[in-house]
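A.B. asks: Handing you a structure now.
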Amino acid sequence: MTSRGPYRRHSTPFKLQFCQDIRAGVLGRRDAQRVHRLSANLIQLWLTQFDRGELASEEAKASVIAEYEARIAALERKVGQLTMELDLVKETPRPPSVTDSERFSIVTGPEAAPSGGGAKP
């Protein structure tokens, strides 16, 4: 019994070009089977998928997934940036917002400004 060869995966563009060549008559099935070392069943499966349009939809799905992954990566970078900025703001000590000269009470409001001394009570 012969041992099987290594498991191979073929890209969608390769499958599309392969099926187009066979359907256009550029390459015969037996020649393709011998040159690329593919089984007849696999070639038939690819041709069936090609005729149904499933190979083209696979490529479209792959491009959509790539777009989503790029968008996710961009959003993860933005979240990281915003997290770093938030941590920086939390660690930075804030100056007091009200100085001693600007004290006021919620009930009475700000202190009255001192007059020049000429006012009568």
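The values are calculated or read from the model by the stated rules, or taken from the named source; none is laboratory data. Treat the numbers as computed from the prediction; the structure is a model and nothing was measured. As a convention, Cβ positions derive from the backbone with ideal geometry for all residues, glycine included, and neighbour counts pool all protein chains shown.
A.B. asks: If we scan region 30-39, do we find a residue that is at pLDDT 90 or above, outside any helix (DSSP H, G or I) and loosely packed, with under 12 Cβ neighbours inside 10 Å?
C.D. replies: yes
A.B. asks: What's the number of the only condition in (1) out of contact with any Cys (no Cβ under 8 Å at 6 or more places or on another chain); (2) at pLDDT below 90; (3) assigned to a helix (DSSP H, G or I) that L55 fails to meet?
C.D. replies: For L55, the exception is condition (1).
A.B. asks: Could I ask something else about it? Just to be sure, is A66 within 30 Å of S11 (Cα to Cα), modelled with pLDDT of 90 or more and among the small types (G, A, S)?
C.D. replies: Judged against the criteria, A66 is not a match.
A.B. asks: Let me ask something additional. Give L75, L47 a once-over and let me know the one that is modelled with pLDDT of 90 or more, out of contact with any Cys (no Cβ under 9 Å at 6 or more places or on another chain) and not acidic (D, E).
C.D. replies: Selected residue: L75, the only one of L75, L47 that is modelled with pLDDT of 90 or more, out of contact with any Cys (no Cβ under 9 Å at 6 or more places or on another chain) and not acidic (D, E).
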